Amino acid sequence: MSRGDMAKPLLGHRSIEGDPSITPVAGRTIGVLGSGDFARSLAIRLVCSGFKVVVGSRNPKRKAGLFPSAAEVTFQADAVKKTDVIFVAVFREHYSTLCDLADVLAGKILVDVSNNTEINHHKESNAEYLASLFPACTVVKGFNVVSAWTLQSGARDGNKQVLICSNNQEAKRTVAEIAQAMGFTPVDMGCMSSACEIENIPLRLLPAWKIPIFLALGLFLCFFTYNLIRQVIHPYIREQKNKLYKIPIEVVNTTLPCVAYVMLSLVYLPGVLAACLQLYYGTKYRRFPDWLDQWLQHRKQIGLLSFFCAALHAVYSLCLPMRRSHRYQLIDMVVKQVVEKKMNIWVEEEVWRMETYISVGIIALGLLSLLAITSLPSIANSLNWREFSFIQSTLGFIALLISTLHTLTYGWSRAFDENQYKFYLPPTYTLTLLVPCTVILAKIIFNLPCIRQRLLRIRRGWEKGRYVKFVLPSATGEYSSGETSSNV
């Protein structure tokens, strides 16, 4: 398995939940070696699930008060003798302290729940190391991706999946029965060689979010620098005006919608590129380039970051009238109006522009909220594939169209005003239109009947240059067969 696949370790593995051969095992005696936080949480969950728990500790009298009264706390040797399944809830460096129990541990099932402090810190996994110390035991790796909080509060408050691996199928099945009785979903990860992968999972911080986050930060820095030059540096150089006060609110608020808009278009751009490649090669069976494949896999995260930036933009916009600088500018405008004896400064075009701009922006934010909500697993699992595809694809593209209308309404006629080109730099929103308009134009082209039908045929298995058999009726009514190229 490649390193990139480690971000999604459950894909392609078989869930044991619902297996008719697994039966409840409540009432069985389970041993726990260790007296730390995880051992205590594990004992609590086992007791609540109907198991009899025996905890082995080097200081049972001092540790007994930390465990539930239903759990028996005794010396390690005594605990091992009373059960055949033992959870080893001690750190790797303390495994050697259990060597004195090698004789009584022989033939037992040891469940290794430990984790490391660094990814691939050791050459071999903790479970493999434990198996090497106790060759007469059967070691199963499991429960290390479940937190102590999840064990105490129940599977409903955390990830229900428990990853299990071992070289012994019967031992794996036994641990799977225990996990299922505790309310978790056991997932078979294969043999003991998968233990290293399982132990690395809790150490990875948002593995699927790194590229989208760096992408969002990169776009933010680019647009922020561009807006800083236009809104702060330009007036300082040309008019000797200090506009630094604009940086915390105005410059940031001008940057956020640009990032949100471009990120939203980047959700649908890889689909356009994939369709172009399929049309070019005339098949759906040719692999996409790695960069495009990774891009397609990160569309969910890119979309959620787009919604995050859009939501921040809405909050920042609501806060604009609350600024002290805005109050000063408002008073200054009123004073100038009085001095110039202007009774009415109402501009009908500007009023309609702002009303339309805000209304369309609210609709776009509402659609982005719907896309974000339906991307949550708990919501997505309640939808069938057609419903999910309609929301994420059709409504998502509509959100992109409305966002484009929102941007165009904001620009209005400003794109043709030479005063808007500071340092000969075009307004920021004109730059953001490049990628979204490319996506929209490509979508329109792909929906042309001739191209749409060809793309649909390719996605249904048709291949350019592949010969297929056909059957034609003869003049006598009989059928004769032949061959022709599928691209005819």
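The values are calculated or read from the model by the stated rules, or taken from the named source; none is laboratory data. Since the structure is predicted, the reported quantities are computational estimates derived from the model, not experimental observations. Backbone-built Cβ (ideal geometry, glycine too); neighbour counts: all protein chains shown. For the accessible areas, the whole protein counts, side chains as well, though only heavy atoms, and no ligand, DNA or RNA atoms are used. Shrake-Rupley method; radii C 1.70, N 1.55, O 1.52, S 1.80 Å.
Summary of values
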item: Residues within the range 173-189 that are outside any strand (DSSP E or B) and more than 22 Å from Cys48 (Cα to Cα), tallied; result: 1
item: Residue in the range 375-398 that is farthest from Val272 (Cα to Cα), counting only those that are without any contact (Cβ under 8 Å) to a residue 60 or more places away in the chain, assigned to a loop (DSSP other than H, G, I, E, B) and of a type in the set (S, T, N, Q); result: Ser382
item: Those residues of the range 446-459 which are of a type outside the set (S, T, N, Q) and farther than 14 Å from Tyr268 by Cβ, in sequence order; result: Leu448, Pro449, Cys450, Ile451, Arg452, Arg454, Leu455, Leu456, Arg457, Ile458, Arg459
item: Of residues in the range 139-154 being of a type in the set (Gly, Ala, Ser) and open to solvent by less than 10 Å² (accessible area, probe 1.4 Å), the one modelled with the lowest pLDDT; result: Gly154
item: Residue list for the range 27-66, restricted to those being on the phi < 0 side of the Ramachandran plot, open to solvent by less than 40 Å² (accessible area, probe 1.4 Å), free of Cβ contacts under 8 Å to residues at least 40 places away in the same chain and out of contact with any Lys or Arg (no Cβ under 6 Å at 6 or more places or on another chain); result: Ala43, Val47, Val53, Val55, Gly56, Pro60
item: Hits in the range 36-81 (condition: under 27 Å from Lys172 (Cβ atoms), among the small types (Gly, Ala, Ser) and not in a helix (DSSP H, G or I)); result: Gly36, Ser49, Gly50, Gly56, Ala71
item: Cβ pairs under 8 Å, 6+ apart, first in the range 399-417 and within 21 Å of Leu304 (Cβ to Cβ), second open to solvent by 20 Å² or more (accessible area, probe 1.4 Å) and among the aromatic types (Phe, Trp, Tyr); result: Leu400/Tyr268; His406/Tyr357; Thr407/Tyr429
item: Odd one out for Tyr95 among (1) over 20 Å from Ile198 (Cα atoms); (2) free of Cβ contacts under 8 Å to residues at least 40 places away in the same chain; (3) aromatic (Phe, Trp, Tyr); result: (1)
item: Count of residues meeting criterion [under 19 Å from Arg58 (Cα atoms), open to solvent by less than 70 Å² (accessible area, probe 1.4 Å) and without any contact (Cβ under 8 Å) to a residue 60 or more places away in the chain] in the range 98-112; result: 6
item: Test: residue in the range 239-250 that is in contact (Cβ under 8 Å) with a residue 24 or more places away in the chain, in a helix (DSSP H, G or I) and surrounded by fewer than 17 Cβ atoms within 10 Å (Cβ to Cβ); result: yes
item: Identity of the residue in the range 113-138, open to solvent by 20 Å² or more (accessible area, probe 1.4 Å) and among the small types (Gly, Ala, Ser), that ends up nearest to Leu151 (Cα to Cα); result: Ala131
item: Residue list for the range 164-192, filter: closer than 17 Å to Glu128 by Cα, open to solvent by 30 Å² or more (accessible area, probe 1.4 Å) and in contact (Cβ under 8 Å) with a residue 24 or more places away in the chain; result: Asn167, Asn168, Cys191
item: Condition met for Ile302 (touching a Pro at 6+ places or on another chain (Cβ under 9 Å), open to solvent by less than 40 Å² (accessible area, probe 1.4 Å) and of a type in the set (Val, Ile, Thr)); result: yes
item: Members of the range 82-106 found to be under 18 Å from Glu128 (Cβ atoms) and in a helix (DSSP H, G or I), listed by number; result: Arg92, Glu93, His94, Tyr95, Ser96, Leu98, Cys99, Ala102, Leu105
